[in-house]
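Shown next, in structure tokens, is the structure this report addresses.
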Amino acid sequence: MNLKYRKTIIAGNWKMNKTLTETRAFAEAIKPNLGRHKWCEVVLCVPSVNVSGSVKLFKDTRVSIGGESCHYEASGAYTGEVTVEMLKDVGAKYVIIGHSERRQYYNETDFTVNKKVHAALEAGLRPIICVGESLEQRELGVTQELISYQVKVALAGLSDHQVRRAIIAYEPIWAIGTGKTATAQQAGEVCTHIRSIIRKEHGARIARAVTIQYGGSMNAKNAAELLAQPDIDGGLIGGASLKPDDFLTIINAANQ
Ligand code: PGA
């Protein structure tokens, strides 16, 4: 973290979990214990059907709500999809784009990610852009090249101002949902690399202002060590964000 230049953002990615009734129970459990998380922003990205209800449940708190995906078109014949305007209109502030599960199961590519990033920023939503290598790619030694490519394509055509509002989440695929966290050093190295790519493309002033998260089995035990890395400015948290106590512990680790 580097609180002088950028915000720390702790974001939950609930994936296909929790009904609105369960979300209410979660909200009741964490609201009294949120405290004043003045350094870090807290976000919950929830299934699109629950965005509106979640915004209401967290209305009087500093927890912002986000979607987990969006389409890049403004409207049209795309059965089952939601637009950025729809998310924005019901109160979302963030949207996850290019999560590896979307890339794997729903054919998202770096080019559709780029279109979605543009759509989100134009609508006033902050995109949480996921990048990350598979185990095979790591073992082949191509992690840095792959991450450079993913980040460059995701941010292609954005203004400096837009890049500042984007959030990059480094999520090694082999660490997601597996309990296998990248070591703080491995995660820190890639996040530093991501900042160096942004620096080359957009200059030092923009690069140091961008929030870069780590995601992949971040939990109540390892969060503090990961967040102590200078270029890790928060987390995108799946499993541990579903448990109120664990999520609160991670928020507190970011507020130390
Ligand atoms: P995990 O998921 O924390 O359960 O590994 C992270 C993510 O997929 O964003």
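The values are calculated or read from the model by the stated rules, or taken from the named source; none is laboratory data. Keep in mind it's a predicted model, so treat the numbers as computed, not measured. Positions of Cβ are backbone-derived with ideal geometry, glycine not excepted, and every protein chain shown enters the neighbour counts. Ligands, DNA and RNA are excluded from the accessible area calculation, which covers all protein heavy atoms including side chains. Shrake-Rupley method; radii C 1.70, N 1.55, O 1.52, S 1.80 Å.
Six or more apart or on different chains, Cβ atoms under 9 Å: show the pairs whose first residue is in segment 149-163 and touching a residue at least 40 places away in the same chain (Cβ under 8 Å) and whose second is open to solvent by 20 Å² or more (accessible area, probe 1.4 Å) and part of a loop (DSSP other than H, G, I, E, B).
From segment 149-163, the pairs are Val153/Thr109; Asp160/Gly203.
A quick yes/no check of all residues on (1) out of contact with any Phe, Trp or Tyr (no Cβ under 9 Å at 6 or more places or on another chain); (2) part of a loop (DSSP other than H, G, I, E, B); (3) of a type in the set (Asp, Glu); (4) in contact (Cβ under 8 Å) with a residue 24 or more places away in the chain:
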{"position": "Tyr5", "(1), (2), (3), (4)": "yes, yes, no, yes"}
{"position": "Thr23", "(1), (2), (3), (4)": "no, no, no, yes"}
{"position": "Val55", "(1), (2), (3), (4)": "yes, no, no, yes"}
{"position": "Gly66", "(1), (2), (3), (4)": "no, no, no, yes"}
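I want to confirm something. Restricting to segment 1-43 and keeping residues that are closer than 30 Å to Arg205 by Cβ and in contact with a Pro (Cβ under 8 Å, 6 or more places away or on another chain), which single residue is surrounded by the fewest Cβ atoms within 10 Å (Cβ to Cβ)?
In this case the residue turns out to be Asn2.
Name the one entry in Val142, Val163 that is at pLDDT 95 or above and either within 21 Å of Val117 (Cα to Cα) or in contact with a His (Cβ under 9 Å, 6 or more places away or on another chain) (or both).
Val163
Would you be able to say whether some residue in segment 39-54 is under 19 Å from the mean Cα position of the chain (by Cα) and of a type in the set (Phe, Trp, Tyr)?
Yes - at least one qualifying residue is present in segment 39-54.
What number goes with the only condition from (1) more than 15 Å from the ligand (Cβ to nearest atom); (2) out of contact with any helix residue (DSSP H, G or I) (no Cβ under 8 Å at 6 or more places or on another chain); (3) open to solvent by less than 10 Å² (accessible area, probe 1.4 Å) that Ala166 does not pass?
The one condition Ala166 does not meet is (2).
Restricting attention to segment 197-251, and to residues there that are of a type in the set (S, T, N, Q) and either open to solvent by less than 10 Å² (accessible area, probe 1.4 Å) or touching a residue at least 40 places away in the same chain (Cβ under 8 Å) (or both), which single residue is farthest from the ligand (Cβ to nearest atom)?
Gln229
Working only within segment 174-187, note down all residues that are within 9 Å of the ligand (Cβ to nearest atom), β-branched (Val, Ile, Thr) and open to solvent by 60 Å² or more (accessible area, probe 1.4 Å).
Thr178
So which of Val46, Val84 ends up being touching a Phe, Trp or Tyr at 6+ places or on another chain (Cβ under 6 Å) and either of a type in the set (Phe, Trp, Tyr) or surrounded by 23 or more Cβ atoms within 10 Å (Cβ to Cβ) (or both)?
Val46
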